[in-house]
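Notes to accompany the following structure.
Please treat every number below as a calculation from the coordinates, not as lab data. Because the structure is predicted, anything quoted here is derived from the model rather than measured. Virtual Cβ from ideal backbone geometry, glycine too; neighbours counted across all protein chains shown.
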Amino acid sequence: MSQTSRFLIFAALSTTMACESQSTETASRGCITTADSAGVEIVRVSDVHMLDLPEVELRLLHTTTTIADLFFEAVIAAAFLPDSSLVIADSRLFELTFLEPDGTVRARSGREGEGPGEYLDIKRVAVGPDGAPFVFDWRQRRLTFLDSQGTVTDIIRLEQGAGLGAAVPLSRLGSGEVLAALETRPTLPPGIQRGPVFLVLANDAGEIVDTLGQWAGKERHVGDDWNPVGFGLTALFTGRGEHALVGTNDSLNLTLYRGAAPVTRIRGGYSPRVVTAAEKEEWTETFLAILPEEVHANWRRRLEQSTVRDTYPAYGAISVDPDGGIWIGDYPKLADEMRRWTILDANGTPVGKLSLPVLRPIWIEDTVAVTGQPHELLDVAHGRIAVLRRDELGVEFVEVYEVMSSPLR
């Protein structure tokens with residue numbers, strides 16, 4: 001059991017006792033009910049914001065801003081190794097940076113190209129069952145396995161199936177099998193569409209051998225322009241160790257897998273938040289601000305023809321820790337500077353909450369569900385959290401925090 005899980009169990013006990021002592025009306029709004037269905041824990045949470053959870057305390061350990069010759073252009077992923085060192089992947093520099101537990105640079109590897117240790121489009125970096133990192137290159141459909149110094153140890157190609165989408169690995173099992181999210185984007189008629197996204201199992205040779213589940217993907221207009229859908233619903237996927245976490249944010253809907261088997265399903269409603277007319281206009285202006293001025297007129301026309309939802313999605317980001325802990329990030333408003341994260345253990349018991357500075361993708365409404373840009377919570381493991389941030393000039397940097405003692409300890 002990790003340090004994070006050990007102290008959060010105190011919060012779990014507190015929440016359970018609080019639920020037992022609340023009135024029936026309050027409990028039905030904020031507490032949880034559980035049931036077992038053929039070995040799968042079914043957890044129903046009516047509203048995570050009604051739960052009385054302790055705030056997780058963090059202490060900054062180190063930041064990449066203190067390393068003079070280190071900078072990032074587009075951090076796409078990061079992962080803690082078993083010794084609490086951190087590997088950070090930059091998709092624009094085609095580079096991996098390995099940081100020691102104290103934040104100093106251990107090694108750098110990678111460059112643009114198609115040879116071993118070279119990349120064209122890094123989409124993910126993760127840790128295998130042996131504790132060593134692996135990198136997924138979307139354009140080459142390739143998994144590159146490394147040691148803790150960044151030296152290549154093996155390469156396999158991941159089958160992609162049909163369609164224009166991509167299979168992105170979420171976790172690798174001890175058997176060598178890979179759990180991956182496969183997004184297909186077939187040619188669809190005009191209108192709002194949500195092409196299917198599948199959780200698939202690939203063997204140790206990278207061949208897809210089984211489909212474990214299916215979800216509705218990203219809301220988008222499909223037609224000549226593929227106009228975005230403002231505040232659109234989507235499928236969200238992540239993985240860590242032997243676990244994968246998948247779901248859609250139409251409501252609180254998440255399934256935790258351990259290996260190829262589902263172990264916990266989180267289900268619940270949420271308090272709908274209305275998207276105001278001012279927020280819809282702010283969405284348009286924010287989108288235009290990232291584009292060259294000469295294309296504003298054309299894009300404004302496209303955005304005016306797009307659909308903007310009347311309510312926000314139930315949540316906006318997810319993460320999973322090595323013990324299967326489920327981390328659910330709110331869907332922030334454009335004016336929000338912080339995002340609340342609610343933490344549940346692998347059995348679905350709410351155990352804590354924390355707030356982190358929101359990292360917004362540069363393209364605020366990406367049309368790609370699985371391979372979109374990261375959120376601020378890059379990884380959580382071994383009692384540490386890696387947070388991606390962007391300064392006032394748009395320069396990205398990474399902070400590493402230690403998870404401190406529970407307030408109940």
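A few notes on this one:
- Calculated on the Cα set of the range 263-374, radius of gyration then Dmax: 16.6, 52 Å.
- About the Cα centre, charge dipole magnitude for the chain (Lys/Arg +1, Asp/Glu -1 at Cβ), debye: 680
- Restricting attention to the chain, close to 90% of DSSP beta bridges with both partner residues there are antiparallel.
- When Rg and the Kirkwood Rh are both derived from Cα coordinates, the Rg/Rh ratio for the range 227-328 amounts to 1.11.
- Computed log₁₀ I(q)/I(0) - Debye formula, equal Cα scatterers, no solvent, the range 43-86, q 0.14, 0.24, 0.34 Å⁻¹: -0.69, -1.02, -1.24
- Computed over the range 281-331, the alpha-carbon pair-distance distribution with 5 angstrom bins reads 5, 16, 18, 14, 12, 11, 10, 8, 5, 1, each value a whole percent.
- Value of relative contact order over the chain, rounded to a whole percent, pairs C-alpha under 8 Å and six or more apart: 18
- For the range 59-129, the list of chymotrypsin sites (Phe, Trp or Tyr not before Pro) that fall in a loop by DSSP and count at most 12 other C-beta atoms within 10 angstrom is empty.
- Counted residue by residue at 0.36 nm each, then reduced by the alpha carbon distance between them, the extension gain from R273 to E118 reaches 51.3 nm.
- For the chain, with +1 on Lys and Arg beta carbons and -1 on Asp and Glu, the positive-most of G174, L236, F98 along the dipole: L236
- Looking at the range 74-150, the GluC sites (Glu not before Pro) that sit in a DSSP loop and have at most 15 other Cβ atoms within 10 Å of their own Cβ are E114.
- Radius ratio Rg over Rh of the range 79-161, counting only Cα atoms, Kirkwood formula for Rh: 0.95
- Equivalent-ellipsoid semi-axes of the range 119-235, from the Cα gyration tensor, Å, largest first: 30, 15, 12
- Gained length - R340 relative to R59, 0.36 nm times residue gap less alpha-carbon distance: 99.4 nm
- The orientation-averaged shadow of the Cα convex hull for the chain, equal to a quarter of the hull surface, comes to 20.3 nm².
- Binning the C-alpha pair distances of the range 180-277 at 10 Å intervals from 0 yields a P(r) profile of 14, 39, 30, 15, 2, 0 %, listed from the shortest bin outward.
- Ranking of L81, L388 by neighbouring Cβ atoms within 10 Å, starting from the fewest: L81, L388.
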